[in-house]
Structures are given as C-alpha cells and as structure tokens.
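The values are calculated or read from the model by the stated rules, or taken from the named source; none is laboratory data. Since the structure is predicted, the reported quantities are computational estimates derived from the model, not experimental observations. Methodologically, a virtual Cβ is constructed for each residue, glycine included, from the backbone with ideal geometry; neighbour enumeration extends over all protein chains shown. Heads up: the accessible areas ignore ligands, DNA and RNA and are worked out on the full protein's heavy atoms, side chains in. Shrake-Rupley method; radii C 1.70, N 1.55, O 1.52, S 1.80 Å.
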Amino acid sequence: MQNLALPEEVLLSIDKPERYIGNEINAVYKDKNNIAVRFAMCFPDVYEIGMSHLGIAILYDMFNKFEDTWCERVYSPWPDLDKIMRVRKIPLFTMESQEPVRNMDFLGITIQYEMCYTNILQILDLSGIPLLASERTWDDPIVIGGGPCTSNPEPLYAFFDIFYIGEGETRYRRLLDLYKECRSKNVSRQDFLIEAAKIPGLYVPSCYETDYNEDGTIKEFRPLHEGVPGTVLKELVKDLDDTYYPEKPVVPFIRATQDRVVLEIMRGCIRGCRFCQAGQIYRPVRERSVEFLMDKAEKLMKNTGYEEISLSSLSSSDYSHIEELIDYLVKDCTDKKINIALPSLRIDKFSVDAMSKVQDIKKSSLTFAPEAGSQRMRDIINKGLTRDDILNGAILAFKGGWTRVKLYFMLGLPFEQDEDIRGIAELANDIAAAFYETVPKDQRVNGRVQIVASTSFFVPKPFTPFQWAPQNTAEQFIDKATKCKRFISEQLNQKVIKYNWHESDVSMLEGVLARGDRRLAPVILSVYKKGNIFDAWSEYYHHDNWLKAFEECGVDPTFYTTRERSDDEIFPWDFIDCGVTKRHLLNEWHKAQQGIVTDNCKDKCSGCGSARFDCGICVRR
Amino acid sequence: MKVRIKFTKYGVVKYIGHLDLMRYFQKAFRRTDIQMIYSKGFSPHMLMSFASPLGVGIEGYGEYFDVEVADSEDYTLIKDKLNVTMAEGIEILDVVLLPEGAGNAMASVEASDYELEFHKENPLSEELLDKFLKADSVIFVKELKSGPLPVNVKDLVYDIRLIKENVLFARVNSSSADNLRPAALLTALLSLEGKNLEDYPYHTLRREIYRKNGSGELVPMGDVND
Ligand code: SF4
Ligand code: SF4
C-alpha cells in the first residue's frame, strides 16, 4: 500500500485531508523506473479550485499519453498545512507518487490570476526550490509557467526559468525532447535554457534584458543571445478536433468547485469587448465539431460517473451548433438522470426553452452581463447589446417563469460619467418594471421579482484596447459605488433591487500586477516574505503588507495604474505577439474614445491580425 | 429491488469523510451499466442507506450500505462490475439481495467489532483486562447538551479480549440508542489504571457490523435472511 508524504497525525489534524492523499479515480500512476521525464503540474491554489481547471486536465492527459513522461499534480497546501510543513520541514510533494516536488524534472505552474502570485512563491519555497531562477542548478526542476497571466509575465520574470506563451498542447513535446537530449549530453542548465528560448512560443526571461527611460517607461527590450527571437508569437491549436482532450479526467473524492463533466465547445470569442483580455488573446475563434463533443460527452460521463455536465466557452450562444448540441444533451442526460448546467447563454426563445427543461425555474436565476448601464458606455466598450435586447430577454424569461435576475456591471470604465452610473440603476429598474408589466398579479410565482445588480471595478489588462487606459483610484472606485447605490435607491422599484460591490484594494493590486514590469518582482518577493499567501482569499489578504512592500522596494503603484499612457509607449508585454496587432488595439482604443462600435468576427472581419494563424473563423467566414 | 453491499475502506481512503464516500459510490455506480432507481425531482439521486458512518481516519473491513437497483438487474454481477472501478482500499466483498420488508442498513445496526491497536506506547495488559472484567461497573461520562451523563461501559460490551499484546478486540453496542464509541471504551478502560487515553496514540479498525435476527441473536449485517 502507498505511503503518504504526510504522517497520520498531521492528516488527522488538518482540514480536509483528502486534498493531499491522491489516489482519486482516474489518477495516473506509472512505474517511475521506466520514466525519462517527471513533470509536476501545479495549480497554485487550493485543491478544490485547482482540480476544477480544465486546462490542467488537458495537459495532464497529454503528458501522460507520452510514454516516457509521468505527469503528477501539485496544489497549494492550505494555510493550516502550510504552517505544519514549515515547522516540521516537510517538503512539498506531488499527489500521485507523494514524492518531493524537487525530485521532478519540471515544475509547471499555471498562472490564472494575479492574486495567486504569492502562492507561486509558496509552492517554490515549500518545495525547497530557490525562489530566484538565477540561483537554481540541475538539482532543481525547470520551473515553467503558463496560462492567461503569461500574456504579461514580466512581474514574475525572476521566479521562472521559462514561460510558455499560448495554448499548451503544441510545443511541450519538443521541449521534453530537448531536455532529454541536453541531460544526456551533460549540457549546462543555462545552455539548455538558451536552446529552449529558440523553440516557438517559449519565453526564457533570463535571455532578455530591459532598459528604461528616465520617466520609468520602457526604452528597449532585447534578447541577449544570438538566435533568441526578439518577439514570441503565442501558440495555438489550429484544429480543436484533432488534439488532446481527456476522456478519463481525475475525479476528486471531495467536492471540487467544478464538480461535473466539462465540455469545452470552442476557444476564443467572436466579440471584441474592449475591456476583455480573453476576447483578444484566444483569437481566432475555433470550434469543436458537434460529433466530437457528443462522443466526448458520452465517454466522459461513463468514465467519471459525474451527475452533471456543463458546457464551457467564453460565449456559448455563439457556437454554431449550440441548438443541436443542447438538444442532444437534454435528451441523453434526461435518460441517464444527469443534470445539465447551461452556461450563461444569450437569452432567447431557444435558451429559455432549453433551460426550462433542465433547471428548476423557481430556484434558478437568470444572468445578464451588460457590463455597462448606458448605451453610450456599452458602445465605448463595444458590448454589442442594446437595452431592447436585455429587456426582451428578461420579458421572455419572466414569461417562462423566472423571477430572479442577476446583472453584472463594471465601474471605472474609461470615459465614465455620472450618467453612465445612473444608467445601471435605470436598467435594473426597467427590468423590474418589465416584470410587473409582463406577469399578471395572480401569476407571480414567488410574489415579486428579485434583481441583484453587482458591480466590479474595472482593471485594464494587457492586449486589450483599454491597455492604454488609466485605472481609477481606490477613492474614485468607492465614490462611484456609493453613487451607484444612491442612484438605485432613487428608483421606483428600488425595493426589489439588491446592490453588491467588490472591494477596491484588490482591484488596485490586480491593476499593478496586470500591467506591471520586471521592477515588481522584488515587491512580490518582499510581500511573500512578510507572510502573504492566498491573496485571492479575502480572509488571508493583507493589503498593508503590499503597501509596505511597495514602499520598501521604492515602487510607486500608481505608475502602473492611474498613469496616462501615450499611444506610442512601449509596454512590458510588447515582446509577445498574441496574434492581434498593437495597431489594431490602438485603433480600437481610438474608436472607443469616439464611441464607435466594431463588428464581431462573424458579421465582418476587422483585420485584427489573427488571420495569419490561418484557422478558425478567419478561414471559415 | 434492494441489495446490501459489504465493502472495505482501508489505507489512504480512510481519510475520506462519510459524505464524500456516499458521493463516491454514487459516481461509481454511474461508471457501471447497473440500472439504478432514483428519487424524483430536478436533481435525482440514488436511494442509499449506510449502516454506520465511519469516522475519518478509521479503517473498515466489513462496512455496509443498501441501495436500490432496477428489478431487471442480476444482483450477482454487481460485485464484479463495481470492483473494476474502485479506488485502492475500497473493495466490494459481497452483494446480497434484501428480502421484502427487511429493515434498512442504518436502522438495523446493533453492534460492531473493533480492533484497537496502540502503535506507540502500549497501555494494554491482561491485568488491565482482568480489572475490567471483574469490576461491577466501569464508568464513562458522556458530555451531552443536557449535561454530563455517566454510562456503565460494561453494559455495552459484548466481548472484549487481547488479540495481540497491543491490540484490543471489542464487540460493542452500536445501536442508535446505546452506541459506544471505541474512544469512550478506551477512556474508561485506561481510567482503571489512572491512565489518560490522549497519551497513547492508537489506530481504530472496524472489522464487522451486526444486526439482530428474528431470534434476537447478533448476526453480521450481510446475513439478511429472516
Ligand atoms: S463576449 Fe465580450 S466579454 Fe465575453 S468573452 Fe467575448 S469579448 Fe470577452
Ligand atoms: S482576422 Fe478577422 S475574423 Fe480573424 S479573428 Fe481577427 S477580426 Fe476576427
């Protein structure tokens, strides 16, 4: 029987020991004596979150299909265990073999959100791997980062040996082969990294150098070695039917956040909402065929035993075969007593029908994300959604029996005026009014309508048209949320509208890290040394430590957030080519200033630059 | 039709909590082609009844639950169908058909066999056991919401002996009214020599669970006839 890395008395003294024991259904075990490359794949957050991530499941499956490779999983030990591991000097271990992470050849870390940066240092530290890449030797694994935050990896440059830019399915095989070759020929770690830097899609930060202007902006960013490219083009899978997709994903014992089969129906989004990074960096839209998805759905349900299935994509209503797919699933799953979780579909006759078949209408609520309250602002952000679209959708839903509506908005968008904030309140009010007009008194199921309006604070992200936009200050954010609350309280139907807003401290920090540069690495290191981990969890977030760390490192956070950026500024992430050209983004930024909308990819190509990948919607149109 | 399933839970899976174990078995059935009977409503679930939840960290070698499967199923195939999709340490030992009108697993539990192994210092001895057997009463004080309640542990023990010098075997009452937890038994036992259970780490293993048959005898839960 297997030995666990944690002794019994430790496992019985912590919360949810199941997070650390491995042995789940479909976990992959291999004979390590027949393995050339050991890969630890880490999601730097708690097990239940990490286990819910489809990207990791895809790569885990891919690596383990390589016969010479054993990929195992690693998650962040929760603070209760973190303390014990430090005191008892227990090194961080992988789920499967329960061996120290430091024994592995690679440690891959997915970087999904800025607030997990301190958890990355926790992972390295507990593993006994030097935090700084420059201090590592062949006794340490190669630490490689991937995921959406690598679209600007610079704040983390000091902690990673390599960043993988783009979708993971394409270049790992080549990297592993290079690794095997270099190890067998006794090549130095540094020389291996220089060779890796020549593989498309791989960015090796130690192979580049940055010069700054006097005003703090970037003057030049350049490779240090011959043959290392000046820009790194993102990787992507051209044909999503001809690639890795796990048929036997690991099924956790404890309930993960995503406790269901997840079917990724497509990648990318045809819409170009100007605040949205995902809408740009995953271009062009590529769909999986409906046959592929039906086949996977069958196998996944059979191999996992999940009682629920959910569709995943950025905008499922835009999938060409959505009706066919949902009709199939509704029929198949009803037979098998499997629930279908329908993602936020655009509300139309079809989706209302489908949802009424699979959900308990009385209990479920309907979600709209207009993001902005006024039409003026929706045009600025290029959200192709009118007041009529929203109201008609709501009316359809009310007729179908729904009485609960959730609305998501952003505050602090560029060029925002009080009128735009008032628009949020008015839209919520109009939806409530539509309910009373649509549903006669005697047919009101729960008595009345319930509307929850939530606002988050807008944080400008790299590779979006708003990458030039100044972020609001924390005070502006709070001021706007207060106004929004007041505007709502002035509405006729204010009694049925509930208003929520999020903290502004975290938004400030997210903004700094999102558009940050190499000078932030010491800040992250310093705040980690002060004890910050699990920053994404409000109960563990210590804002003061971040402020102290900025001060000690002589870094002004407002340089990254509220500063105005000129059109021709060189950004820290400009060396990455995400497919969409900077020229296109700038053009979109200028159109935003004039409130001019841009067509989506289905209606008309706007020449964003992604056509050179020669796949997906760019060739299908 | 209802079947009663006997299974083990040992090794690393001893850290799985009871609710998660129930979810585990629901998924396990869905990985087989066994036709199950579901509850009605928007989130249908299987109809299961576990004999007695096993605490986290305790190993079980004779655990039971009842579940309802379609009448068309051949119940003798269920064991093999499940065993190909089990996690290490969870093994189906036996599947029996429950007769019409049999009480469900949870309500039928009367007694359990435990093996309690002291893996560091050993407070057990034949003398200690002698003291226990000769005493008129051995008291454990239960802390209830209504206040402390002294219980005579001896009334709740069917059998007790050493099976190794550091392993105590005990068959104790596990009925819902008079359930005796192993920790309570050990606390009371060690108190006979003024010892504190907290100083002696031990492992708990549940070997078997019993119900009472028509003639009032204790029989394993898997013995369902009459
Ligand atoms: S619809 Fe807009 S916000 Fe949503 S993913 Fe697409 S671009 Fe982003
Ligand atoms: S090139 Fe045209 S069709 Fe292709 S992603 Fe860009 S805008 Fe869309």
Report task. Looking only at region B:31-49, count how many residues are facing chain A (nearest Cβ under 10 Å), loosely packed, with under 12 Cβ neighbours inside 10 Å and charged (D, E, K, R). Result -> 1
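Scan A:Asp544, A:Asp556, A:Asp599 and give me the residue that is within 16 Å of ligand 1 (Cβ to nearest atom), surrounded by fewer than 16 Cβ atoms within 10 Å (Cβ to Cβ) and of a type outside the set (Ser, Thr, Tyr).
Details: A:Asp544 fails: within 16 Å of ligand 1 (Cβ to nearest atom); A:Asp556 fails: within 16 Å of ligand 1 (Cβ to nearest atom).
On inspection, the qualifying residue turns out to be A:Asp599.
Quick one: in region A:11-23, of everything that is more than 9 Å from chain B (Cβ to nearest Cβ) and assigned to a loop (DSSP other than H, G, I, E, B), which residue is farthest from A:Lys65 (Cα to Cα)?
Taking region A:11-23 first, the residues more than 9 Å from chain B (Cβ to nearest Cβ) are A:13-15, A:19.
Among the residues that remain, those that are also assigned to a loop (DSSP other than H, G, I, E, B) are: A:13-15.
Details: A:Ser13: 37, A:Ile14: 34, A:Asp15: 33 Å.
Looking at residues that are more than 9 Å from chain B (Cβ to nearest Cβ) and assigned to a loop (DSSP other than H, G, I, E, B), I get A:Ser13.
Please state which one of A:Asn213, A:Asn186 is open to solvent by 10 Å² or more (accessible area, probe 1.4 Å) and on the phi > 0 side of the Ramachandran plot. Quick ask: steps written out before the conclusion?
On the way: A:Asn213 fails: on the phi > 0 side of the Ramachandran plot.
Just a single option satisfies the conditions, and that option is A:Asn186.
For the condition under 20 Å from the mean Cα position of the chain (by Cα) and either within 14 Å of another protein chain (Cβ to nearest Cβ) or within 23 Å of A:Gly50 (Cβ to Cβ) (or both), what is the one hit in A:Arg271, A:Arg286, A:Arg260?
Values: A:Arg271 fails: either within 14 Å of another protein chain (Cβ to nearest Cβ) or within 23 Å of A:Gly50 (Cβ to Cβ) (or both); A:Arg286 fails: either within 14 Å of another protein chain (Cβ to nearest Cβ) or within 23 Å of A:Gly50 (Cβ to Cβ) (or both).
Step by step, each of A:Arg271, A:Arg286, A:Arg260 is checked, and only A:Arg260 is under 20 Å from the mean Cα position of the chain (by Cα) and either within 14 Å of another protein chain (Cβ to nearest Cβ) or within 23 Å of A:Gly50 (Cβ to Cβ) (or both).
Is there a residue being among the β-branched types (Val, Ile, Thr), surrounded by 16 or more Cβ atoms within 10 Å (Cβ to Cβ) and in a helix (DSSP H, G or I) anywhere in region A:216-225?
First, the residues of region A:216-225 that are among the β-branched types (Val, Ile, Thr): A:217-218.
Filter once more, keeping what is surrounded by 16 or more Cβ atoms within 10 Å (Cβ to Cβ): A:217-218.
So of that shortlist, the ones also in a helix (DSSP H, G or I) come out as none.
The answer is no; no qualifying residue exists.
Would you confirm whether or not region B:10-17 contains a residue that is under 18 Å from A:Val261 (Cα atoms) and either without any contact (Cβ under 8 Å) to a residue 12 or more places away in the chain or not in a helix (DSSP H, G or I) (or both)? Spell out how you get there, then give the answer.
First, pick out the residues of region B:10-17 that are under 18 Å from A:Val261 (Cα atoms): none.
No, region B:10-17 contains no residue that is under 18 Å from A:Val261 (Cα atoms) and either without any contact (Cβ under 8 Å) to a residue 12 or more places away in the chain or not in a helix (DSSP H, G or I) (or both).
Out of the residues in region A:358-396 that are basic (Lys, Arg) and surrounded by 15 or more Cβ atoms within 10 Å (Cβ to Cβ), state the one that is farthest from B:Ile37 (Cα to Cα).
Initially, region A:358-396 is screened for residues basic (Lys, Arg), giving A:362-363, A:376, A:378, A:383, A:387.
Within this subset, residues satisfying the condition of being surrounded by 15 or more Cβ atoms within 10 Å (Cβ to Cβ) are A:376, A:378, A:383, A:387.
Working: A:Arg376: 55, A:Arg378: 50, A:Lys383: 47, A:Arg387: 47 Å.
If we take residues in region A:358-396 being basic (Lys, Arg) and surrounded by 15 or more Cβ atoms within 10 Å (Cβ to Cβ), then A:Arg376 is farthest from B:Ile37 (Cα to Cα).
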Query raised in the report: Which one of these does B:Ser52 not meet: (1) away from chain A (no Cβ under 14 Å); (2) hydroxyl-bearing (Ser, Thr, Tyr); (3) in a strand (DSSP E or B)?
Result: (3)
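For every residue, the table says whether it meets (1) away from chain B (no Cβ under 14 Å); (2) in contact with a helix residue (DSSP H, G or I) (Cβ under 6 Å, 6 or more places away or on another chain).
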site	(1), (2)
A:Leu311	yes, no
A:Ser317	yes, no
A:Ser320	yes, no
A:Asp332	no, no
A:Lys337	no, no
A:Ile340	no, yes
A:Asp348	yes, no
Requested in this report: With a cut-off of at least 1 residues that are at pLDDT 95 or above and surrounded by fewer than 18 Cβ atoms within 10 Å (Cβ to Cβ), name the helices (runs of 4 or more DSSP H) lying wholly within region A:24-98.
Outcome: A:54-65, A:79-88
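Filter region A:230-257 down to residues that are away from chain B (no Cβ under 14 Å) and among the basic types (Lys, Arg) and give me whichever is farthest from ligand 1 (Cβ to nearest atom). Reasoning before the result, please.
First, the residues of region A:230-257 that are away from chain B (no Cβ under 14 Å): A:230-246, A:257.
Then keep just the ones that are among the basic types (Lys, Arg); that gives A:234, A:238.
Numbers: A:Lys234: 17, A:Lys238: 20 Å.
Filtering first and then ranking leaves A:Lys238.
For region A:259-293: of the residues being closer than 20 Å to A:Ile338 by Cα and among the acidic types (Asp, Glu), which is nearest to ligand 2 (Cβ to nearest atom)?
Top of the filtered list is A:Glu264.
Residues are listed down the side, and each one gets a yes or a no for (1) closer than 19 Å to A:Cys276 by Cβ; (2) modelled with pLDDT of 95 or more; (3) near ligand 2 (Cβ under 8 Å from one of its atoms):
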site: A:Leu585; (1), (2), (3): yes, yes, no
site: A:Glu588; (1), (2), (3): yes, yes, no
site: A:Ala592; (1), (2), (3): yes, yes, no
site: A:Gly595; (1), (2), (3): yes, yes, no
site: A:Thr598; (1), (2), (3): yes, yes, no
site: A:Ser606; (1), (2), (3): yes, yes, yes
site: A:Gly616; (1), (2), (3): yes, yes, yes
site: A:Val619; (1), (2), (3): no, no, no
Query - Test result for A:Asn532, of a type in the set (S, T, N, Q), more than 16 Å from ligand 1 (Cβ to nearest atom) and assigned to a helix (DSSP H, G or I) - result: no
Report summary line: Note on A:Lys302: of the conditions (1) touching a Ser or Thr at 6+ places or on another chain (Cβ under 8 Å); (2) more than 16 Å from ligand 2 (Cβ to nearest atom), unmet is (1)
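Just to be sure I understand, how many residues within region A:27-59 are over 25 Å from the mean Cα position of the chain (by Cα) and either within 9 Å of chain B (Cβ to nearest Cβ) or of a type outside the set (Lys, Arg) (or both)? Show your work before the answer.
Of region A:27-59, the ones over 25 Å from the mean Cα position of the chain (by Cα) are A:28-38.
Then drop every residue that is not either within 9 Å of chain B (Cβ to nearest Cβ) or of a type outside the set (Lys, Arg) (or both), which leaves A:28-29, A:31, A:33-37.
Within region A:27-59, residues that are over 25 Å from the mean Cα position of the chain (by Cα) and either within 9 Å of chain B (Cβ to nearest Cβ) or of a type outside the set (Lys, Arg) (or both) number 8.
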**Report entry** Pairs, first in the same structural domain as A:Met51 (by TED's automatic domain parsing) in region A:8-26, second basic (Lys, Arg), C-beta under 6 Å, six or more apart
**Finding:** A:Asn26/A:Lys248
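Yes/no matrix, rows are residues, columns are (1) modelled with pLDDT under 95; (2) assigned by TED's automatic domain parsing to the domain that holds A:Glu24; (3) touching an Asp or Glu at 6+ places or on another chain (Cβ under 8 Å); (4) among the acidic types (Asp, Glu):
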{"residue": "A:His225", "(1), (2), (3), (4)": "no, yes, no, no"}
{"residue": "A:Val250", "(1), (2), (3), (4)": "no, no, yes, no"}
{"residue": "A:Glu264", "(1), (2), (3), (4)": "no, no, no, yes"}
{"residue": "A:Gln277", "(1), (2), (3), (4)": "no, no, no, no"}
{"residue": "A:Arg286", "(1), (2), (3), (4)": "no, no, yes, no"}
{"residue": "A:Ser289", "(1), (2), (3), (4)": "no, no, yes, no"}
{"residue": "A:Glu308", "(1), (2), (3), (4)": "yes, no, yes, yes"}
